[in-house]
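Working notes, beginning with the structure itself.
The values are calculated or read from the model by the stated rules, or taken from the named source; none is laboratory data. Bear in mind the structure is a predicted one, so any value in this text is a computation, not a measurement. Positions of Cβ are backbone-derived with ideal geometry, glycine not excepted, and every protein chain shown enters the neighbour counts. To get the accessible areas, we keep the full protein, side chains included, count just its heavy atoms, and leave off ligands, DNA and RNA. Shrake-Rupley method; radii C 1.70, N 1.55, O 1.52, S 1.80 Å.
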Amino acid sequence: MTKDSQSRCLRCEAPLPEGARYCHLCGVSITEAATGEYTRYDLARFFNYALDILCIAGIDGYFKLVNPACERILGYTAAELLKIPFVDLIHPEDRNDTVAEVSKLANGLETICFQNRYRCKDGSYRRLEWTSYPEPATGLLYAVARDVTERDRAVR
């Protein structure tokens, strides 16, 4: 490549900065664009880059899949979280309400805004605000949790 020329995305022709791994315009991986096998939006990147906790849990009480935000917020690795019943991480005062909320989800009712406290690996607690969508046929819960600990402290 000469000084005057710049590489371009093979999918949309957008100019690419040197060393780019993804096209900033169409969001496609440069490698995928070169092969012609790509999806317009990379959901794995969305999942991995999200600042909030994104997870899939089961009504059996175990996480099935968690994003990297879990480790950043709670301190546990994904492998650790998948082995622990999630109720074991919930503050004792919040457990009954959480079990009741999971029961509602198991019956097909969405959670719009639910808060509980999760124990971090260092023993501290973080207040999480959840939204969750159930899939009763599979017993799976698709959830997003925002750490609202600092926000709630500022209000008090």
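Quick one: divide the alpha-carbon radius of gyration of the chain by 2.2 N^0.38 Å and tell me what you get.
1.34
Can you send over the solvent-accessible area of Arg72, 1.4 Å probe, protein chains only, in Å² to the nearest 10?
About 140 Å², rounded to the nearest 10.
Report, to the nearest whole %, how much of the accessible area of segment 39-124 belongs to carbon and sulfur atoms, 1.4 Å probe, protein only.
58
Over the chain, give the accessible area per residue in Å² for a 1.4 Å probe, as an integer.
Heavy-atom SASA per residue in the chain reads 63 Å².
Assuming a strict under-25 Å limit between Cα atoms, what lysine pair count do you get for the chain once near-sequence pairs (fewer than 8 apart, same chain) are dropped?
5
Starting from the Cα of Asn96, step 7 Å along the direction of its Cβ; do the same at Asp60; then give the gap between the two resulting points in nm.
Output for this residue pair reads 2.8 nm.
What number comes out for the charge environment of Gly108, summing +1 per Lys or Arg and -1 per Asp or Glu over other residues with Cβ under 14 Å away?
-2
Once both axes come from the Cα atoms, what is the angle between helix 95-106 and the longest principal axis of the chain, in degrees from 0 to 90, rounded to 10?
Roughly 60 degrees between the two axes.
Which of the peptides 140-146, 50-56, 87-93, 98-104 is most tightly packed, and how do the rest follow, going by the mean number of other Cβ atoms within 10 Å of each residue?
For the peptides 140-146, 50-56, 87-93, 98-104, the packing ranking is 140-146, 50-56, 98-104, 87-93.
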